[in-house]
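The values are calculated or read from the model by the stated rules, or taken from the named source; none is laboratory data. Because the structure is predicted, anything quoted here is derived from the model rather than measured. Here the Cβ positions follow ideal geometry from the backbone for every residue, glycine too, while neighbour counts run over all protein chains shown.
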Amino acid sequence: MAKFNPKIVVGIVGERLSGKGQVAAYLSKKYKFKVLKFSETIDKILEVLHLPNSRANEANVIGGIRERFGGGVLAEALLGEINAKKYKKVVVDGLRHPAELEKMRRLPNFVLVYITANLKTRYQRGLKRDQKAGESKLSYDEFKNESRLATEIYIDRLGKKAKVKLINAGTLPQLYKQVDQKIRILINGNKS
């Protein structure tokens with residue numbers, strides 16, 4: 001059976017709290033993209049194991065899975081879903097490993113987008129968001145040290161390979177404007 005080729009797959013890479021989820025949600029709402037997240041599988045495993053959904057626990061789970069099954073194992077799972085469900089427009093939130101990028105780049109209509117923001121801005125967002133266990137209680141130094149976790153070390157390298165770079169230093173409307181300006185042509189197949 002031939003593999004399904006979606007119209008476009010946007011892969012998002014970025015440091016934690018850089019705005020990956022915001023961009024994915026925006027692409028979903030405005031452009032009708034299906035959002036798939038690398039972290040969902042890991043979060044489900046932590047839930048089943050009754051472990052706190054913390055950065056450290058996520059790093060430990062994905063580290064074990066990658067060690068046993070290879071760095072691109074989560075990308076293979078997402079590619080399987082993309083092909084099985086025949087999504088036409090997909091945004092894949094949270095690429096973090098070179099093997100994941102290698103697998104996703106096999107799609108003919110794949111575009112890598114890098115989202116970044118400075119460390120202090122991301123730290124302030126973490127204090128307000130508290131999505132992961134203990135996130136709002138981290139000191140600035142603890143937050144900075146978490147950027148050295150195994151799940152974070154390839155982000156800058158992957159970001160340098162991105163076709164589109166977004167700097168999320170301001171408001172959400174400013175971020176969305178960048179998305180519209182830089183990604184719309186890719187989404188619409190050069191139809192502005």
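Odds and ends about this structure:
- Only one of the numbered conditions (1) more than 15 Å from the chain's Cα centre (by Cα); (2) closer than 29 Å to GLY63 by Cβ is not met by LYS88, and that is (2).
- Some residue of the range 21-29 being buried (at least 21 other Cβ atoms within 10 Å of the Cβ), modelled with pLDDT of 95 or more and either farther than 26 Å from ALA169 by Cα or out of contact with any helix residue (DSSP H, G or I) (no Cβ under 8 Å at 6 or more places or on another chain) (or both): yes
- Unique match (being touching a strand residue (DSSP E or B) at 6+ places or on another chain (Cβ under 8 Å) and farther than 17 Å from LEU186 by Cβ) among GLY63, GLY21, GLY11: GLY21
- Residues considered: LYS161, LYS165. Of these, the only one that is of a type outside the set (Asp, Glu), modelled with pLDDT of 90 or more and surrounded by 15 or more Cβ atoms within 10 Å (Cβ to Cβ) is LYS165.
- Condition check for TYR176 on (1) modelled with pLDDT under 95; (2) under 19 Å from VAL90 (Cα atoms): one failure, at (1).
- Against the criterion of being touching a Phe, Trp or Tyr at 6+ places or on another chain (Cβ under 9 Å), crowded, with 20+ Cβ neighbours inside 10 Å and modelled with pLDDT of 95 or more, VAL113 does not qualify.
- Hey, LEU79 under 17 Å from the mean Cα position of the chain (by Cα), at pLDDT 95 or above, of a type outside the set (Val, Ile, Thr) and buried (at least 19 other Cβ atoms within 10 Å of the Cβ) or not: no
- Whichever residue in the range 91-103 is surrounded by 23 or more Cβ atoms within 10 Å (Cβ to Cβ) and aliphatic (A, V, I, L, M) and, among such residues, is farthest from TYR26 (Cα to Cα): LEU95
- Residue in the range 41-49 that is buried (at least 23 other Cβ atoms within 10 Å of the Cβ) and of a type outside the set (Gly, Ala, Ser) present: no
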